[in-house]
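To start, the structure under review is shown below, and the notes come after it.
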Amino acid sequence: MKWSIEVGRYDRSQNPSGPNVHGYPPPYEAAPAKRYQIFEVELDDQAMVLDGLIAIREYQDESLAVRCACRSAICGSCGMWINGKANLACTTKLREVAQDGKVRVESPPSMPVIRDLVSDMTPFWKKNLSVRPWLEGKKPVPQGLEEYRVPNAAMENLIQEVSCISCGLCLMDCESFAINPDFLGPAALAKAYRYADDPRDATVKQRLGDYSQANGIWECTHCYMCVDRCPKGVAPLDQILKLRRMAVDAGFTNNAGTRHALAFAESVRDSGRLNELTLLPKSVGLFNIPAQLRALPTALNMLRAGKMPPIIHHKIPGVDRIKNIFKKVGGLFK
Amino acid sequence: MILDHDVVVLGAGLAGMRAGLEAARNGVNVAIVSKVHPVRSHSGAAQGGINAALGAGDSWEIHAFDTIKGSDYLADQDAVEVMTSEAPQDIIELEHMGVIFYRNDEGKLGTRAFGGASKARTYFVGDITGQALLYTLYDQTLKSGVKVYEEWFATALYMVDGACRGVVCIDMMTGELNLLRAKAVIIASGGMGRVYEPSTNALICTGDGIALAYRAGAPLMDMEMVQYHPTTLKGSGFLMTEAARGEGAYLLNRDGERFMQRYAPKMMELASRDVVSRAETIEIAEGRGIDGNVLLDLRHLGRDVIMSKLPQIHEIALDFLGIDMVTDPVPVRPGMHYIMGGVRTDTDGATPIPGLYAAGECACVSVHGGNRLGANSLLDTLVFGRRSGLASSAYVKTVAAIASGEEFLAAEQRRIAALMTRPYAGETHARLRLELGMLMDAKVGVYRDEAGLQEALAGVEQLKRRYQSVAVGDKSRVYNQALTFVLELGYMLDCAEATVHGAITRKESRGAQSRTDYPQRNDADWLKHVVLRYQDGQPPSIDYLPVTITKWPPQERTY
């Protein structure tokens, strides 16, 4: 079968003084131009995108740069944009993504580019490093040939994150990262959960405090992009939500994220619907005037677009039944 | 640029990171250099587990015997004793570092059965044991602050008066050549799987460190011992872990027969890998295969066991063959997987070259002899990675500061520049690589004979001549993979040549070396290692080393 693969070409050495293709928020068209080049390859209908790229690199254009090693979603090297979605080239079948035999691959605009399909993963690794991704073992460390005694379930609980291959797909398409480059991002926070919920770690409380800071667990907007993109079922958002619960339970509630969640829940508990007017002040703090002023342009835009919430907030009928649900759930929101 | 460290480790897989950590713990200035980011290393693809005699009723002596028997008595027994007796402490240390090993009902480490082992002594994390270990060691490397040069590609070892004093690397990001000057270099760059096509190995397993050490004068040992794994996926050749059979999977021929009963009535599917691979090859050759494969049947294990203990191979079979192993058997065949041979070292990882150490798959201590047992390779990387890190950090204290290196670096820069400007003459690295791989698989595979090996030798020699005219089809400085592929092909050809010479030399059948023209093991003449030394422009010189026997005299080997 003949496939047409359109590849985004870029060479940092050819653009020495030009801007890096880095951190451009949507719309990504604003990023410096890369050149697109179309290659035709002959491969069967089981072929993966990576098979196509290797065929190009080996027999058509040796200058095509693409990272790959294992070819089976283990090494995590070949994360890239395939038709505008972050994906692994090695396990994406051409026939599943090609339309009329055509597919477009490129490095994602959310990452700096080194060459062609080779992204500079430095932002990814820096975020990983910043969550203190190693065990701080409880003291005393078992002596001799003794292991830490822990239930198997506690270890199995962590396999989901340990399955992460650091391909970076989750970060490449993360909506929060797109608008805030300092957000720790899905993979690093999933890794944070892996160590925070390890029964052998001695620093859980400190970890939860750290992860509750700005750019941490509360910066995620639950868009589920990371869950969708992850090729290994790590579901980073699920790990972030677990961290939030752990952090709130541990008492780290004095932050905008927790206040926002509480204000949200209280509004639903008390009226059966969301009171958007009070959500912002309650989240950032009632007397935090600067933060509220910063939101003013957004509020004005909403007003102009006819999206202003009603000034008078009405309860829905039967709100008592919702209160009962909250009572049953318990926790902070009873 | 010239950068100084006490110890430089080439390779950031399990052996390399373990060596780097140990050297750092001993207070020397250590750097790890790798052509890929550490977590991309091929150690991460190890699936099944890691062996240690830690449980009740097991002992390191039994583990040692299983290993020696598995090796077809070619392993050096003093080295095996070191590995198996230190294994429990290394496993426990990994657990303390944070590896999420499977636990039994008491919350202690739990095991699974594995091939060639008389006890269940394989510790594991699902079927991603290598990945779990690799990430834990990477995390520990981050914690230690050891310097890692990522995506630096090694082109030559820096030799001063017969001692190894550094390594020249291309920084892929800039294309610049740099000399990492050091008092000791530890080669931990893994195997050479891509010399064969197909292979279970990643595309990065090209024998770089083996060839660099070989060219620098370090002898290679037992290079003919190339392991074919019995269960690699039809077509793509991806690994289907031995843990599948450890958990109880069957091997079936086209008649639905568990054919291993005719080859290894006691151990059945869990006989040593060389034994099972030969059995499959015979079944297929005698017409009892299906389309060149046999079947790996896991259906009776049930969905729960498959999904909780073998999820990765379930996913791979589904992705690449569209087969759900819960409901259908998977077609598999023997495929090149591992080399037991490599750079000859002692039990401290030291090669005969001062300042040069090796650990992991690239090294030959030898603990695997003619055939490695499953789940002994991860153990090898950790024990001998640690020991080489320790030994090298003691050694560097005896070495004065290393001077100069500018000239060597400049010569290396000229060599690479000349390669970059070589005109295209019709040969590409990709075509030669493919031809080499297919030749090696056809002639130096599970079964070998003199005629086939001579064909392989002539073929490799011809490929080496053609290699002299391969051009680099990319002129950019940044991330020039065409250049590194050409250099890799050079390493692969040297490794292939050594393998073929080893196989021609050893005129017997032992472990992975099965010669149809010499079908018996011959302890009288061949209970010895084949040692190869590089000679520029000529075939390697060959001599022999005795096998160290401590407690276990060679016996007949049955499973």
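Calculated on the alpha-carbon coordinates, the convex hull of region B:284-433 measures out at 230 cubic angstrom per residue. Karplus-derived 3J(HN,Hα) values for region A:256-266, using 6.51 cos²θ - 1.76 cosθ + 1.60 with θ = phi - 60°, are 4, x, 5, 4, 4, 4, 5, 4, 4, 5, 4 Hz; glycine and proline are entered as x. Across region B:429-503, C-alpha contacts under 8 Å between residues 6 or more apart give a mean separation that, scaled by the residue count, equals a relative contact order of 39 percent. Only lysine pairs 8 or more places apart or on separate chains count here, and in region B:107-183 those with Cα atoms under 29 Å apart total 4. The DSSP beta bridges internal to the protein assembly as shown are antiparallel in roughly 70% of cases.
Short to long, the 5 Å bins of the Cα pair-distance histogram for region B:118-162 hold 5, 14, 12, 14, 14, 14, 10, 8, 6, 2 percent of all pairs. Note that region B:1-142 presents 22 Å² accessible area per residue, ligands and nucleic acids not counted, probe 1.4 Å.
Remark: the A:LYS102-A:VAL319 segment gains 72.8 nm on full extension, using 0.36 nm per residue and subtracting the alpha carbon distance.
Exposure check, 1.4 Å probe, all protein chains in place: B:SER541 carries approximately 40 Å² of accessible surface. Heavy atoms only, probe 1.4 Å: what % of the accessible area of chain A goes to carbon and sulfur, would you let me know? On chain A, the fraction of accessible area on carbon and sulfur atoms equals 56 percent. Put a plus charge on the Cβ of each Lys and Arg, a minus charge on the Cβ of each Asp and Glu, and nothing anywhere else: the dipole of the protein assembly as shown about its Cα centre is then about 2800 debye. Using equal-weight Cα scatterers in the Debye expression, the normalised intensity of region A:28-116 in log10 at q = 0.13, 0.15, 0.17, 0.24 Å⁻¹ is -0.41, -0.55, -0.71, -1.46.
The accessible area of B:HIS37, taken with all protein chains in place and a 1.4 Å probe, comes to roughly 10 Å². Considering only B:TYR395, B:LEU409, B:HIS429, and ranking their Cα positions along the charge dipole of region B:380-462 that arises from unit charges at the beta-carbon of Lys, Arg, Asp and Glu, the one farthest toward the positive end is B:TYR395.
Which residue, chosen from A:PRO290, A:HIS313, A:SER271, occupies the Cα position most advanced towards the positive end of the dipole of region A:242-334, where the dipole is computed from +1 (Lys, Arg) and -1 (Asp, Glu) charges on Cβ about the Cα centre? So the residue we want is A:SER271.
When chain B is described by a simple charge dipole with +1 on each Lys and Arg Cβ and -1 on each Asp and Glu Cβ, the residue from B:MET223, B:TRP60, B:VAL472 located farthest towards its positive end is B:VAL472. Rounded to whole Å, the principal axis extents of the Cα atoms in chain B read 65, 54, 49, largest first.
Between the helical axis of B:60-70 and the longest alpha-carbon principal axis of chain B there is an angle of about 90 degrees.
Computed from the C-beta positions of A:GLN60 and B:ALA403 and an R0 of 41 Å, the FRET efficiency is 0.30 to the nearest 0.05. Placing pseudo-labels 7 Å out from each Cα toward the beta carbon at A:ASN83 and A:LYS138 gives an inter-label distance of 4.9 nm. Taking Cα centre as origin and charging only the Cβ of basic (Lys, Arg, +1) and acidic (Asp, Glu, -1) residues, the dipole magnitude of region B:148-255 rounds to 120 debye. Ranking A:HIS313, B:HIS5, B:HIS300 by solvent-accessible area of protein heavy atoms (1.4 Å probe, all protein chains present), from largest to smallest, gives B:HIS300, A:HIS313, B:HIS5.
Database remark: amide H of B:ILE187 closer than 5 angstrom to the amide H of B:LEU10, B:TYR357, B:ALA358, B:ALA359 (H placed geometrically; neighbours at sequence offset of 5 or more, or on other chains; Pro and chain starts carry no H).
Here, P(r) means the percent of Cα pairs in each 20 Å bin from 0 to the largest distance; for the protein assembly as shown it is 14, 46, 31, 8, 1. Set the Cα radius of gyration of chain A against 2.2 N^0.38 Å, with N its number of residues, and you get 1.18. Per-residue ellipticity at 222 nm from helix content only, as computed over the protein assembly as shown with -39500 (n - 2.57) for each DSSP H run of at least four residues, stands at -11500 deg cm²/dmol. Considering region B:69-175 at the alpha-carbon level, its Rg and Dmax are found to be 19.3, 58 Å.
Sorted from greatest to least, the principal axis extents spanned by the alpha carbons of region B:138-208 come out as 38, 35, 24 Å. Scaled against 2.2 N^0.38 Å for its residue count N, the alpha carbon radius of gyration of region B:1-125 is 1.22. Working note: Karplus 6.51/-1.76/1.60 with θ = phi - 60° gives region B:119-129 the couplings 10, 7, 10, 9, 8, 7, 10, x, 10, 10, 4 Hz, where Gly and Pro are set to x.
Rounded to 0.05, the FRET efficiency of the A:SER13 and B:GLN89 pair, given R0 = 41 Å and the Cβ-Cβ distance, is 0.25. Here region A:248-334 is treated with +1 on each Lys and Arg Cβ and -1 on each Asp and Glu Cβ, and its dipole about the Cα centre works out to around 200 debye.
Can you tell me what percent of all Cα-Cα pairs in region B:405-518 are more than 24 Å apart? Counting every Cα pair in region B:405-518, those more than 24 Å apart make up 38 percent. Chain A contacts chain B over a buried accessible area of about 5200 Å², both sides summed; the probe is 1.4 Å and only protein chains count. Listed by chain and number, the lysines placed with their C-alpha closer than 25 angstrom to that of A:LYS327 are A:LYS242, A:LYS282, A:LYS315; residues fewer than eight positions away on the same chain are left out. On the principal axes of its alpha carbon atoms, region B:471-559 extends 58, 32, 30 Å, with the longest extent given first.
What FRET efficiency, computed as 1/(1 + (r/R0)^6) with R0 = 25 Å and r the Cβ-Cβ distance, is obtained for A:ALA250 and B:GLU106, rounded to the nearest 0.05? The calculated FRET efficiency here is 0.30.
The values are calculated or read from the model by the stated rules, or taken from the named source; none is laboratory data. Just so it is clear, the model here is predicted, and its values are computed rather than measured. Cβ atoms come from the backbone with ideal geometry, glycine included; neighbour counts cover every protein chain shown. Surface areas here come from the heavy atoms of the whole protein model, side chains and all, with no ligands, DNA or RNA. Shrake-Rupley method; radii C 1.70, N 1.55, O 1.52, S 1.80 Å.
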